[in-house]
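To keep things clear, I will list the structure first and then write my remarks on it.
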Amino acid sequence: MTSPDTLTAARALLESRSISPSELLQEYVRNIEAAEPQVKAWKVLRLDEAREQARALDRKISTLQQLPLLFGIPYGAKDIICTQGIPTEAGSRVLQGHIPDEDATVIKILKGQDAVLLGKTTTTEFANLGNPPPTTNAWNAGHTPGGSSSGSAAAMGARMALFTLGTQTAGSISRPAAFNGVTALKATFGRISKTGVYPCGRSLDHVGAFTHSVEDSALVFNALSGPDPTDEATRYLPYQPLSIRSHKDYTLGILEDAYFAAADQAGVAAMMQALDHLRASGVRVVPVKAPRGLAESARAQHVTMQAEVASYHAETFKTRGELFDPSLQAFIAEGLKISADQYLQAQSVRNDYRMAFAQAFTEADILVTPTALGTAPAGIGATGSPVFNLPFTNLGLPTLTLPVGFSPENALPLGMQLIAPHLQEQRLIDMGCFYQASTDWHLQRPPVAR
């Protein structure tokens, strides 16, 4: 059989007992064996342990009337997410050989769900900007998969898992999702615990998942989101599970600003075609002028990230700085020069722009931009620009990236970014489900996965 297209489809097969956890796992083991030599998405694979767990689930499934949301589902986790007894090195010589003695909260949740961990996926060093791993794009090995969640996105593009965990501090979920033709929900800051995840920028970091459909994104969100007493960012946000539905009674706003002038025309054309499709289906689409200061918000994000990266690594940088890649050494050194006044000014910009941006949501329920400047850049020495993701990460807004086509120039995937107000992930799920119900861009497989 061909591996199921989506987590939702796999879950239906497991619920009907049409496939066993071991049989489902074997489909993805075959995909890994076929694609991994080219894609190089995995830092650590633990297939023997996964097979052993799946055999135990084969026995357990007969005792269950209702399966947990992610029961028996093969997944991968970015190598900055701590996994007990499994190496977690964050792509850095600083942590070479490190084996955590405790799981991150999200891994604990997934163990409780009986999801099956395939292994750890590659990342740039400490999820920062430089030192990309050898991972290639799922659609073309001559192009980057994006970053920093390089392996998680590429593994999904190559159909090596049913979902993978990533993180975003600038654009590290949204951009790689677009580059690899997969779906990704980055929820509101604090909706998913970061405990046990090596920080990049503590006030900016988001944990999220790459999936093959919006329905899948909702399932993973429902499993992972909620308060965690060990992560103060989650404590005061309500737990709001997402329903799986398709809905069109929203106004979409095309966010207009000179900030987006650098967008590749093929990407803009694919986005507009997607919006035309939605408009023809009865969705209202209007232009919305962005509040002044998108570029300023992006600059504030950079100051915040650089200062927080430097603060976290300061002691290690002082005693073992030579172990960091030169690009990260330079980033930390510059961050250590940022004054308290500069950092506080960046927070002031963030707060002011958060209030200003609320006005845009009085004109449209969901805002729309391209996810990235264009398709994945050639080469794997850099991961592409997160410029269209930075302001929304800085504000902690929920975003959803959807595949909307392929470039006629290089046949690589293109993505559309939907943005909602804080805690309004349901709007994104509604609109994303509605779009994917009548399109199949999200189901396309690259040659390496066929």
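The values are calculated or read from the model by the stated rules, or taken from the named source; none is laboratory data. Keep in mind the model is a prediction, meaning the values are calculated, not measured. Glycine also receives a Cβ, built like all others from the backbone with ideal geometry; neighbour counts cover every protein chain displayed.
Details
- Qualifying position, being surrounded by fewer than 21 Cβ atoms within 10 Å (Cβ to Cβ), within 27 Å of residue 125 (Cα to Cα) and not acidic (Asp, Glu), among 372, 340: 340
- Residue 166 vs. criteria crowded, with 23+ Cβ neighbours inside 10 Å, closer than 26 Å to residue 375 by Cβ, touching a Lys or Arg at 6+ places or on another chain (Cβ under 6 Å) and in contact (Cβ under 8 Å) with a residue 60 or more places away in the chain: yes
- Restricting segment 345-395 to residues that are more than 23 Å from the chain's Cα centre (by Cα) and among the β-branched types (Val, Ile, Thr), the residue that is farthest from residue 134 (Cα to Cα): 362
Quick grid of which residues meet (1) assigned to a helix (DSSP H, G or I); (2) within 30 Å of residue 406 (Cα to Cα):
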{"position": "267", "(1), (2)": "yes, yes"}
{"position": "277", "(1), (2)": "yes, yes"}
{"position": "288", "(1), (2)": "no, yes"}
{"position": "291", "(1), (2)": "no, no"}
{"position": "303", "(1), (2)": "yes, no"}
{"position": "309", "(1), (2)": "yes, no"}
{"position": "313", "(1), (2)": "yes, no"}
{"position": "330", "(1), (2)": "yes, no"}
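- Qualifying residue in segment 224-231 (condition: surrounded by fewer than 24 Cβ atoms within 10 Å (Cβ to Cβ) and under 24 Å from residue 327 (Cβ atoms)): no
Yes/no per residue for (1) closer than 23 Å to residue 146 by Cβ; (2) hydroxyl-bearing (Ser, Thr, Tyr); (3) without any contact (Cβ under 8 Å) to a residue 60 or more places away in the chain:
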| position | (1), (2), (3) |
| --- | --- |
| 16 | no, yes, yes |
| 21 | no, no, no |
| 47 | no, no, no |
| 50 | no, no, no |
| 84 | no, no, yes |
| 99 | no, no, yes |
| 103 | no, no, no |
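- Of all residues in segment 303-325 being free of Cβ contacts under 8 Å to residues at least 12 places away in the same chain and out of contact with any helix residue (DSSP H, G or I) (no Cβ under 7 Å at 6 or more places or on another chain), the one that is farthest from residue 253 (Cα to Cα): 319
- Listed by position, the strands (runs of 3 or more DSSP E) enclosed by segment 36-121 that each have at least 2 residues that are hydrophobic (A, V, I, L, M, F, W, C) and either modelled with pLDDT of 95 or more or over 16 Å from residue 163 (Cα atoms) (or both) are 42-45, 116-121.
- Segment 396-414: number of residues that are buried (at least 24 other Cβ atoms within 10 Å of the Cβ) and closer than 19 Å to residue 254 by Cα: 8
- Looking across segment 52-75, just one residue is more than 21 Å from the chain's Cα centre (by Cα) and under 27 Å from residue 91 (Cβ atoms), and that is 53.
- The set of residues in segment 270-302 that are under 19 Å from residue 249 (Cα atoms) and of a type in the set (D, E, K, R) comprises 276, 279, 284.
- When we screen 13, 25 for residues that are buried (at least 18 other Cβ atoms within 10 Å of the Cβ), on the phi < 0 side of the Ramachandran plot and assigned to a helix (DSSP H, G or I), the only hit is 25.
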